[in-house]
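Values in this text are rule-based calculations from the coordinates and carry no lab data. Please read all numbers here as calculations on a predicted model, not as lab measurements. Quick reminder, even Gly has a Cβ in these numbers, built from the backbone with ideal geometry, and neighbours come from all protein chains shown.
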Amino acid sequence: MRCDCSSRNLTFIPTECPRNSSELYLANNELGILGKESFSKYTHLTYLDISYCNITSIDQSAFDNLTQLKELKFFNNPLKTFQSNVFAPLNELRIISISYTLLSTYPRESWSDVCRITTVICDCGPSNGKFSEIFSAMKNLNYFQVDYQSDVIHNFTFQSFKRTPLKYLNINGQLRDIEIDAFAPLELLSSLIIPNQNFLKLSRTLPALHVFQNRQMNELDLSNNFLNYGEYVISADLFAYIGNICVKRLSLGSNGIRRIDATAFQKMKYKHCLESLNLNYNDFDYHQDLTVLYLNFFINIKRIDISEITSRSIENIREQNTNGTRTLDHRAIFGTRSDWSIKLPSSLEFLNASFIFGHNLINSITFKGITGLKIVDFTYTSFNDCDYTVNGLQNVLILNVSHFKCDLLNPNLLQSAVNLEQLIMQSSSLSLGLKYDHHSKFLHGLKRLQYIDFSRNAFEDRFRISTFKSQLDSVQSLILEGNLFTSVPLNLEDFNRLSFLNIRNNKIAYLTTKETDAIEVLFRKSNRTMTVLLDGNPFVCNCASLDFVEWLLTTRVKLDSNGSYSCGGNDGNITSTNVVYNHLRIFRIRCITTVWVIFSVTLFGVLLFFILAGYRYKLHLQYFCLFIGMANPLFLKSKEEKLEYDAYVAYCDGDYEWVYGPLRIFLEERRNFKLLLLDRGDVLAGEHRLFALNNSIQKCKKIILVISKEFVNNDWAYYEATVGIEHFLGLQARIIVINLENITKTELPQCVLQMISLDANDHIRKTDILNENNIFWKCLDQAMKR
């Protein structure tokens, strides 16, 4: 159990930690003095950090009862010397981090207290260049790390380590020189780490390795050295100091090396021992274009790191084609595409060739001999485009080709990687490259892909349905972070094993119900282990996203931030999905209220518009409705069958004889039409004339207006015509106008101007003659029958 009380300005050992605490962190406090049995409560401690605690005194019994303590950190305390046997109770102490100066004051008579220590980490070294004799008492010392204060490692520096079983040595500091026999006392050393020594010289460092000649070593790390003296070439003689050691792991990275002698690798005595080679971050020039070929000398090598060795080297690797062998520089002049062939050791398992920039046009790269290669990192090792194929990747399981320039993409780029399990292609312009892969060939056939990372490729549109068709039964993790998606860009329910989806930092406002349902389907398929990462999207918390917010806080799918994300509200303020969920009922009521308010206002506006429009255009609407509805023959027929009279006749008293004479005789006696004549008693006796008019017109199929000069100047006649025309508005066929006298248009009533009238001549106007063969009577007959 861990208890962290660091940086709390404590002046005493805290008592609130559980008794069974196994790790106690007290760094950066003000403990001052460690008294008797200071840690008596914590008898189960295995780790104790009391660095930077301003400790000036430690009682001899301070560490009593810490019988299980295995690691003690005691950096940067002002304590000057130790009392005798302070570490005596620490029977299990194996790792100590302490100032070298303080450690060297431990009383000689108590050196037996440190004999079981296996690891020592010191933050400073001897000012006189020689380590204290206390190390000779550490019979089990295996690991030593020190910030060496002197600038020279002398032949006597490690004399006190002669009888220790030290195997791992890590030296930091500001070294300028290493004497030739400095490491001679370290007879069992197997790992030597000397990093970050910019003032060392190659010629004064490698010769000191002669003491390890013909010995087996696990690791030799000389990274980030030799930068200030311009020794950037390793000759075959210098490299022999390394080659004569049977070393498994060799690191010469970040040394500014420009050239290693062509025969250096070839002359190595123990080439077969090397399993890991790190040459990264060097500045190899064009003379090193055959470096890759020299790597084949290492028949047991498993790991090679040649990342960021500058572009000049890779641009001069020789390749094969039908015209022979030419350098890429020659071929770049003519802009033709070439074929590369690169042979690597068959034992190789890991290759890091990232950050090797090229500017060539190639047709293909074929890797030969890599039967055991499992992991390849080509990050940033891109050419002008991806319009080529990579062959020989049949056994590769993990491939990183991020930051490639794949806006121009050959769909068969990776078709040889049939056993690939992880594909990482971040920031490789795939949104453009896959746009023209209409047949989804890019991932076709890669049926073992379990992990796909397409982060930061500026994708906006959904993937084609067939893009991941070959991976529906294999892919488990899909990384689409940092794109421009506004929704989940694929049908999640089609995947059978997907259990991890990363769509962080896209442009998604919220997930739809269909998308969350698909995630729940995956949750069930994945045996309830589904994880979805959504952070960094511009989520909104509005009425449309409330179902999404509820899903975030109720789903059993594992989400980053526990489903609590920042989101923008309708008012423009930033809130969180957690806050919205806690007031979800209130938000839903607000949304429902808002919807009804909007609906009501809209409905009211529409109704008000129709009311105003109806009032403004009431005659037009009447006409429209009557025209649409009453023009229906079935409607007309059914209505006419219920009416009592065929026509209502409107006339003036002066035209009484003509109406009751020729007109009535022709229509009623000879054509059997039934007319409604007010003066004939066809209305109820005593009924007011106005009511009689309104009631009578409604009983008639048509209205006949007999227009004469008297009719024009008669107010009652004008009113009678107006009522009749309004009743038959839109049905002009039901209005028959007889112009009995020669009346001009200016004299006609306004309401009958648009009506077609039958003009009666002098012959027709005679009341004692009725010639039904006259055209007038024929037209009237047809008008009544319509």
(request) At 0.36 nm per residue, minus the direct Cα-Cα distance, what do Phe199 and Ser6 gain on full extension? Give it in nm, one decimal, please. (result) 65.7 nm
(message) Past 27 Å, Cα to Cα: identify those pairs from Lys302/Lys368; Lys73/Lys558; Lys167/Lys271; Lys374/Lys507; Lys162/Lys302; Lys73/Lys302, in the order given.
(response) Lys73/Lys558; Lys374/Lys507; Lys162/Lys302; Lys73/Lys302
(request) Starting at the first residue of segment 80-97, write each ³J(HN,Hα) from the Karplus equation 6.51 cos²θ - 1.76 cosθ + 1.60 with θ = phi - 60°, in whole Hz, x for Gly and Pro. (result) 8, 9, 9, 7, 5, 6, 4, 8, 4, x, 8, 5, 9, 5, 10, 10, 9, 10
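Report the relative contact order of segment 453-611, percent, no decimals, based on alpha-carbon pairs under 8 angstrom and at least 6 residues apart.
Relative contact order of segment 453-611: 16 percent.
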(request) Express in nm, to one decimal, how much length is gained between Ile465 and Leu770 on full extension, taking 0.36 nm for each residue of separation and deducting their alpha carbon distance. (result) 101.0 nm
(message) Compute the helix-to-body angle for 584-616: its Cα long axis versus the longest principal axis of the chain, expressed 0 to 90° and rounded to tens.
(response) 30
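Just want to confirm a number: the relative contact order over the chain, from Cα pairs under 8 angstrom separated by 6+ residues, in percent. Walk me through the intermediate numbers first.
Working: 1761 pairs, mean separation 27.6, N = 786.
Taking the mean separation of contacting Cα pairs over the length of the chain, I get 4 percent.
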(message) Using amide H atoms built in the peptide plane, which far-off residues or other-chain residues are under 5 Å from Thr381 H to H?
(response) Phe355, Ile356
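Taking neighbour counts of Cβ atoms within 10 Å as a proxy for exposure, in what order, fewest first, do Ile665, Ile503, Ile193 appear?
On the way: Ile665 13, Ile503 23, Ile193 16.
Fewest to most other Cβ atoms nearby, the residues stand as Ile665, Ile193, Ile503.
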(message) Check which residues have an amide H placed less than 5 Å from Met217's amide H, if you skip close sequence neighbours.
(response) Cys246, Val247, Lys248
(request) Give a residue-ordered list of calculated ³J(HN,Hα) values for segment 165-170 (Karplus: 6.51 cos²θ - 1.76 cosθ + 1.60, θ = phi - 60°; whole Hz; x for Gly, Pro). (result) x, 4, 10, 10, 10, 10
(request) Can you tell me the FRET efficiency between Ala262 and Asp535 if r is taken as the Cβ-Cβ distance and R0 is 45 Å, rounded to the nearest 0.05? (result) 0.30
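Among Arg786, Arg258, what is the fewest-to-most ranking by other Cβ atoms within 10 Å?
On the way: Arg786 9, Arg258 17.
Result, fewest neighbours first: Arg786, Arg258.
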(message) Taking amide H atoms as placed 1.01 Å from N in the peptide plane, list the residues 5 or more away in sequence, or in a different chain, whose amide H sits under 5 Å from that of Thr366.
(response) Trp340, Ser341, Ile342, Asn391
(message) Tell me which of Leu546, Trp777, Leu676 sits at the most positive position along the dipole axis of the chain, charges placed on C-beta atoms (Lys, Arg +1; Asp, Glu -1).
(response) Leu546
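Rounded, prolate or oblate, given the Cα gyration tensor of segment 446-557, with a/c below 1.5 counting as rounded? Show your work: numbers first, answer last.
Values: a/c = 1.93, a/b = 1.29, b/c = 1.50.
Verdict is oblate for segment 446-557.
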(message) Between segment 390-453 and segment 169-248, what is the separation of their alpha carbon centroids in Å?
(response) 41
(request) Measure nothing fancy, just the Cα-based angle from helix 715-727's long axis to the longest principal axis of the chain, in degrees from 0 to 90, nearest 10. (result) 40
(message) If I stretch the segment between Arg163 and Ile398 completely, what's the gain in nm (0.36 nm per residue apart, minus their alpha carbon distance), one decimal?
(response) 80.1 nm
(message) Please list, in order along segment 176-185, the HN-Hα scalar couplings obtained from phi with the Karplus expression 6.51 cos²θ - 1.76 cosθ + 1.60 (θ = phi - 60°), rounded to whole Hz, x for Gly and Pro.
(response) 10, 7, 10, 5, 4, 10, 4, 9, 4, x
